[in-house]
Amino acid sequence: MPTFPSDVELPKVEIHVTEVCNNRCAFCTTGWINAEEGPKLVHVPRETIRAQLEKAYAEGARRALFQGGEPTIRRDLGDLLADAHALGYQATTIFTNARMGASKAGARWLVGMKVTWFQVSIQGGTAEAHDASVVAEGAFQQTVEGTRRLIEMGQRVKINAVLTRHLLDSLESFARLMIELRPEEVGMDTVKPTSAFGESRAGYADLAPALGPYAGALRDAVLAMHEAGIVVRLTSFPPCLCPGIERFVSEEAKTTITHGGAGVPVNKLLWKRSMQVKAETCAECAYDATCGGVYGPYAEAHGNAELKPLKERVAPLVAESAPPVESALTLALRALFVREKTRGPFRIAAVRALAGGAHELDCVSPGGAVCVSLKPASEGAAYAKTGRFAVSYRKGGEGASPDLRIVDAVVQALRKVEGQLPPG
Ligand code: SF4
């Protein structure tokens, strides 16, 4: 059972750092500004960003997300992160297409920024679907390579995907890709209305088909990712349109402040609500108080007959999960096991804290990825037990046949040093 990462709970400010981008996403305002005004675009000055960070911190924000455009295009991105860390932000996120991470040098540069989270935009399950959505040939290969490299280098990665027809038509492949890459979290949003949609540009209805016919494919993809241990969230998504997976609907936090291209801070949930509409019958729905309905252009394109009031609420998964806490034991396990480089083909790429004092290790072996879980020794059957830990494993990807020598090596290492590890 995946658990919900703890720092997502921190009040967040989203900072717009540049209009410049190497993708041209058809659903994104920035994509079309680049296509039409590319050479004129400039980055937001560092001083402006620092002032926005200071103000947001004073108002309670403790997590800073840097978005664009494509933030990794800025040479001084590390300075912006350093400013946020110096101000006291407890968590930072770079919202990126991860193409920069496709090269070893680019990935090393990003890892050096000590970011809490990379939020990577993957917009389809195949190269054809992703490249069509981001209107950039060859982008998928770089994005997947960059994401894989960041995860292998021990970075925390969550994926953001917009439910355009390109993604909806490739959901099965998308879920397989996520299970192979193993990010911490996958968030899927419905298509927001933006100024990207206009007379001379893509139409909203072209990119955002009616969701009802995709309910089965969406349910299968969400459940497959969930069962593989990935936290999955559907945002700005009416529960009545996702039967069987209503518990994965998770609204924007009420505290999130976002800065658009104009640099004006707005409450993100209220901003979304200002663009959403509901059916008259929504008043009878058990979700009426918390659901925003669908975006206006969606209702114009597809009507609201799909919106069917639900009699009962299903408890959201997010609230059910106790947030895992990174303890001194998490840090000690990370220091013990995670290596960016090793001489042989075996490697541990990441250590994650789970709820209940458990941990997961993402391991690389010649036969494929393997995920090793460490629970308190008292917890039932296991592949092996040490004095303190019950060690078990599962395959990390499709068709892989992991070499269990990596699991045995973990067991041996724990037996040697567990007496010196701090309590969990
Ligand atoms: S019927 Fe209306 S309130 Fe209920 S889930 Fe659907 S859109 Fe939301």
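Points to keep in mind about this one:
- Enumerated helices (runs of 4 or more DSSP H) restricted to the range 142-224, each holding at least 1 residues that are charged (D, E, K, R) and in contact with a Pro (Cβ under 6 Å, 6 or more places away or on another chain): 165-168
- Taking the conditions (1) open to solvent by less than 40 Å² (accessible area, probe 1.4 Å); (2) assigned to a strand (DSSP E or B) in turn, VAL266 satisfies each one other than (1).
Quick grid of which residues meet (1) at pLDDT 95 or above; (2) crowded, with 21+ Cβ neighbours inside 10 Å:
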site	(1), (2)
ALA208	no, yes
TYR214	yes, no
ASP220	yes, no
LEU223	yes, no
THR255	no, no
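- Check on VAL318, among the aliphatic types (A, V, I, L, M), at pLDDT below 90 and away from the ligand (no atom under 13 Å from the Cβ): yes
- Considering the range 126-169, the residues that are of a type in the set (Gly, Ala, Ser) and in contact with a strand residue (DSSP E or B) (Cβ under 9 Å, 6 or more places away or on another chain) include one that is nearest to LYS12 (Cα to Cα), namely ALA161.
- The requirement of being assigned to a helix (DSSP H, G or I), among the charged types (D, E, K, R) and buried (at least 19 other Cβ atoms within 10 Å of the Cβ) is fulfilled somewhere in the range 127-138, by at least one residue.
- Number of residues in the range 87-105 that are open to solvent by less than 60 Å² (accessible area, probe 1.4 Å), assigned to a loop (DSSP other than H, G, I, E, B) and over 17 Å from THR143 (Cβ atoms): the value is 2.
- Residue, farthest from the ligand (Cβ to nearest atom), within the range 298-315, restricted to residues that are open to solvent by 50 Å² or more (accessible area, probe 1.4 Å) and under 28 Å from ILE230 (Cβ atoms): ALA315
- The range 235-249, subset over 19 Å from THR164 (Cα atoms) and touching a residue at least 60 places away in the same chain (Cβ under 8 Å), residue most open to solvent (accessible area, probe 1.4 Å): ARG247
- The single condition from (1) surrounded by fewer than 21 Cβ atoms within 10 Å (Cβ to Cβ); (2) not in a helix (DSSP H, G or I) that ALA61 fails is (1).
- Selected residue (only one of THR258, THR330 is closer than 30 Å to SER378 by Cβ, away from the ligand (no atom under 16 Å from the Cβ) and either within 23 Å of the chain's Cα centre (by Cα) or free of Cβ contacts under 8 Å to residues at least 12 places away in the same chain (or both)): THR330
- Search result, residues across the range 230-244 that are within 13 Å of the ligand (Cβ to nearest atom) and of a type in the set (A, V, I, L, M, F, W, C): LEU234, PHE237, CYS240, LEU241, CYS242
- When ARG247 is tested against (1) of a type in the set (Lys, Arg); (2) in contact with a strand residue (DSSP E or B) (Cβ under 9 Å, 6 or more places away or on another chain); (3) at pLDDT 85 or above, just one condition goes unmet, and that condition is (2).
- Test: residue in the range 363-385 that is at pLDDT 85 or above, hydroxyl-bearing (Ser, Thr, Tyr) and part of a strand (DSSP E or B): yes
- Residues in the range 272-297 that are within 11 Å of the ligand (Cβ to nearest atom) and open to solvent by less than 30 Å² (accessible area, probe 1.4 Å): GLN276, ALA279, CYS282, CYS285, TYR287, CYS291, GLY292, GLY293, VAL294.
- Evaluation of ASN23 against (1) part of a helix (DSSP H, G or I); (2) modelled with pLDDT under 95 (one fails), failing number: (1)
- Scope the range 386-410; condition modelled with pLDDT under 85, in contact with a helix residue (DSSP H, G or I) (Cβ under 9 Å, 6 or more places away or on another chain) and in a loop (DSSP other than H, G, I, E, B); matching residues: GLY396, GLY397, GLU398, ALA400
- Inter-residue pairs, beta-carbon under 6 Å, first outside any loop (DSSP other than H, G, I, E, B) and in the range 285-297, second more than 8 Å from the ligand (Cβ to nearest atom), 6+ apart: TYR295/PRO193; TYR295/MET275; TYR295/GLN276; GLY296/MET275; GLY296/VAL277; PRO297/PRO193; PRO297/TYR204
The values are calculated or read from the model by the stated rules, or taken from the named source; none is laboratory data. Small disclaimer: the values here were computed from a predicted structure and weren't measured. Heads up, the Cβs are rebuilt from the backbone with ideal geometry, glycines too, and the neighbour counts pull from every protein chain shown. These area figures cover heavy atoms from the full protein model, side chains too; ligands, DNA and RNA do not enter into them. Shrake-Rupley method; radii C 1.70, N 1.55, O 1.52, S 1.80 Å.
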